[in-house]
1. Are any of the pairs A:Lys222/B:Lys144; A:Lys193/A:Lys219; B:Lys35/B:Lys279; A:Lys120/A:Lys192; A:Lys193/B:Lys276; A:Lys185/B:Lys146 more than 32 Å apart by Cα-Cα distance, and if so, which?
2. Which residues' amide hydrogens lie under 5 Å from the amide hydrogen of A:Ile5, considering only partners 5 or more residues apart or on another chain, with H built in the peptide plane?
3. Within a 10 angstrom radius of the beta carbon, how do B:Phe189, B:Phe110, B:Phe172 rank from fewest other beta carbons to most?
4. With helices defined as uninterrupted DSSP H runs, which ones in chain B have an alpha carbon span along their own long axis of at least 27 Å and mean Kyte-Doolittle hydropathy of at least 0.0?
5. Note down the nm distance, to one decimal, between modelled labels 7 Å out along Cα→Cβ at A:Ala259 and at A:Asp159.
6. Relative contact order, percent, of chain A when contacts are C-alpha pairs under 8 Å separated by at least 6 residues?
7. Quick one: length gained pulling B:Phe110 to B:Phe168 fully straight, 0.36 nm per residue minus the C-alpha distance?
8. Tell me what chain A gives for mean residue ellipticity at 222 nm when only DSSP H runs of n ≥ 4 count, each as -39,500 (n - 2.57), the sum divided by the residue total, rounded to 500 deg cm²/dmol.
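Only the coordinates and a few stated rules stand behind these numbers; no lab work does. None of these values were measured; they are calculated from a predicted model. All Cβ positions, glycine included, derive from the backbone under ideal geometry; neighbour counts span all protein chains shown.
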Amino acid sequence: MDNKISLDGLDVGYNKSIGVVNDVSFDVAPGEIVALIGANGAGKSTVLKTITRQLQKLSGEIRICEMNESDMTEEDMSKAVSMVMTEHIHPELMTCFDVVATGRYPYTGRLGILSEDDIKAVDTAIEMVGATEVEKKDFMKVSDGQRQRIMLARAICQDTDIMILDEPTSFLDIQFKIDILSVIKRLAKESKKAVIMSIHELEFVPAIADKVIGVAEGKVFKVGTPSEILTGENLEAMYHMASGTGKVMADGLWQYAAALEKLLWQK
Amino acid sequence: MNQGRNRYSVCFVAMILILAFCFILGLGVGSADIKVSEIIKSLIAPGEVFFGKIIISIRLPRIIAAIILGGALSVSGFLLQIFFGNPIAGPYVLGISSGAKLFVAISMVFLVARGIYISSLVMVVAAFLGSLLSMAIVIVLAGKVKNMSLLVVCGVMIGYICSAVTEFVITFANDSNIVNLHNWSLGSFSGINWEHVLVSVVIVFVTIIFCFMLSKPIGAYQMGESYARNMGVNIKRLRVVLILLSSILSATVTAFAGPISFVGIAVPHIMRGIMKSAKPIIMIPACFLGGAIITLLCDCIARTAFAPTEVSISAVTSVFLAPVVIYILVARRVSSRG
């Protein structure tokens, strides 16, 4: 099977002497959603930032759409990988439409003027995330939930095969979480995008993810399906929980997950 | 979308008209008052009008210089604000103009003292090196102090040091050749001649066109570094280019007109308010026009307020634009709390 993105023995971190996460290897196929889970500070974001070139990789190989990442120019990357990061942006005097339109950057001409097709792509993306009513509002004046939708729409209209999402659902209320995740799921299943996302809400993982990567103790702790990874034993190990508590957590989590799965698929 | 486009067109047309009006006004006012009809006559056939010589060899170069250099200064400020990601940056408050001033003063005093003629281009080069030195210091400081207001205080201090050293240099080298240097060091368009105008027109236009062609990556950079990188922008290269372009612009201004205060910081802010946009493709031409208008008006005031004595252009721009800067500081403080 041709993978959209493959990591092979990737070491990531802020400098050579202390790698935050070592020896990360996994593949993502088209249409597949991979969830990165792990405790705060485990290095999930560091992995994602390395894939999107915010950080230099320390060693190992990243293959993107059958190409070695080191051989790709900035422009190649911008047409292959889009992202939503946790850091907030503060664009001045930009409407939500303007912010989404920046996703078309790799496709516009020398002066960055939007063509008819670009505008159509932007509108489609905004519609997809259900943010049409805030389209003309100032980005800085809409709610966190709307902003997150806009940032997702921005990534969507960048029209890449791979999407990297760092905690796309954090700080959102339950309905926004469900909305955002159903959009992501639709993107993967209908448009065959390869998605890698980090997520703290484990209860959503069974409904959204095809594959789960547990990150802990500076390495990939385990790779598997949600039911293989979200067990009491694994939770205790990954999140440093007292022995016995993991089982209680996992039981409750799966019950909640079943309810969410129904809601997510209703969309 | 359309509403925005209409707004931009109306604003641009209005600004061009205002600039044309100021141009005529600038030719007319001064120690000798000249009628509009005579201005037009002297522009067509300068030999036949009594005031022709004043208009052509004194007022006209001065006014063109105010337009070109005022515009350049505002664009330079706009680029710096993008670079530092903050609206309270400008070549004057960050001490960059003063660095340029110091280098120009040193090279003038030492070379003129040895009887070496200094061409306009050499002055620009000296100013450019001075700008880069100040810029380097400011960038190092910016790495250490994350707070923008504190950085501005550091910039003002750098400005004071450079101005003080310039003052020493000028005082000790009291030569009749550099008698104009004192006026210049406070900021003035009074010493401008046609050669200066020609050199600055060429440098400024090439640089501004270059800036305009970069409006796409600059716009991406406004979204923050990580997203800009994800859009395919080479961040390191863009940062270097931003610094070089804004230094060339502010150096050209300083070389010919000395340090002009607050235009670079206040005009981009005023333009954002008028245009209701921060997009570089709009802001670069808007800042140029706005800077030209404001600088030209301030120069008219500098010439006429206490005629026949001239006040420095910085005195006038400070009176009008420093309050705008205070407003920006206060407004930001309020909005960042809310």
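1. The answer is A:Lys222/B:Lys144; B:Lys35/B:Lys279; A:Lys193/B:Lys276; A:Lys185/B:Lys146.
2. For A:Ile5, whose amide H was placed from the backbone, the distant partners under 5 Å are A:Val28, A:Cys65.
3. Lowest count first: B:Phe172, B:Phe110, B:Phe189.
4. Sorted by number, the helices that extend far enough and score high enough are B:2-28, B:60-84, B:120-144, B:148-172, B:194-213, B:235-257, B:280-304, B:313-337.
5. 4.2
6. Working: 505 pairs, mean separation 65.5, N = 267.
Computed over chain A, the figure is 25 percent.
7. Gain in length upon complete extension: 19.6 nm.
8. Calculated from helices alone, the mean residue ellipticity at 222 nm is -11500 deg cm²/dmol.
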